[in-house]
């Protein structure tokens, strides 16, 4: 298979195992490219990409922008806070105005669940979901799996625990879909109030004891508590959360084995991870950042193959 089975990357739940394998194979090639002295390839010289970010983002936006420029695409950046959206312009009007500038691919982050699906039905461009509300963040899940594969040889059969605020995390949901699709065992760990009630229906186990969770797993993917999405208090205090679910060097050293530590960022140092864990040799957080560019290059390149060239 040399083509994705989908026209857009809206979520992991829309793709299959063969799509993931193709994205990883393509990313392997691009990872080699970005480690060369000359990091650009002319693959998408005639493609125009618009980055529409209706929510704040630093790492994801920069990662996509860098991926697009490494592929020699023309890039248009759009930030909602400095646009006509603040004057009441609708999402479709915004997108159509941008499309009238002959844009081929739209990368969008939006606070509303399903915004990317909605847009894909109304505009004639390829859509990449860079995060929609608390729903999905497919490229993050892909780069997480790619990083596990790089370190452990494969994802199949590995035990991965996702720790933290599962309820508000689009990273958690996309990761669960991606890891299960590749044959990994998945558990979640966090306060009972931050574990969605439907989670077990996705074939995922629940563990409320952080030490037991870490003793079970090969990889711990640690999420931050998303205070900005919370309208009520889900636990008594940050201090108590850290005592019950924070990971420190002492806890890791007590396991009697080495596990990989991952984090999609930004890290709240001293809350979910202490600095000596975030910066330890078993932490692959910076590998995730590097792999993010290669994965996003792969996704954009593969979707661009389906763009009708005039």
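The values are calculated or read from the model by the stated rules, or taken from the named source; none is laboratory data. Computed from a predicted model, the values in this text were never measured in an experiment. No Cβ is skipped: glycine too gets one built from the backbone with ideal geometry, and neighbour counts run over all protein chains shown.
Things to note:
- The set of residues from region 193-208 being assigned to a helix (DSSP H, G or I), over 12 Å from residue 167 (Cβ atoms) and either modelled with pLDDT under 95 or over 19 Å from the mean Cα position of the chain (by Cα) (or both) comprises 200, 201.
- Tally, over region 281-306, of residues that are surrounded by fewer than 16 Cβ atoms within 10 Å (Cβ to Cβ) and touching a strand residue (DSSP E or B) at 6+ places or on another chain (Cβ under 9 Å): 2
- All of (1) under 24 Å from residue 206 (Cα atoms); (2) touching a helix residue (DSSP H, G or I) at 6+ places or on another chain (Cβ under 7 Å); (3) at pLDDT below 95 hold for residue 269 with one exception: (1).
- Which numbered condition residue 225 misses (of (1) assigned to a loop (DSSP other than H, G, I, E, B); (2) modelled with pLDDT of 90 or more): (2)
- Scanning region 119-176 for residues that are closer than 18 Å to residue 63 by Cα and assigned to a loop (DSSP other than H, G, I, E, B) turns up just one, 137.
- Criterion violated by residue 44 - all others in (1) modelled with pLDDT under 90; (2) crowded, with 20+ Cβ neighbours inside 10 Å satisfied: (1)
- From 73, 67, 80, residue being surrounded by 15 or more Cβ atoms within 10 Å (Cβ to Cβ) and modelled with pLDDT under 95: 80
- Residue count for region 178-220, restricted to those that are touching a residue at least 40 places away in the same chain (Cβ under 8 Å), touching a helix residue (DSSP H, G or I) at 6+ places or on another chain (Cβ under 8 Å) and under 16 Å from residue 154 (Cα atoms): 6
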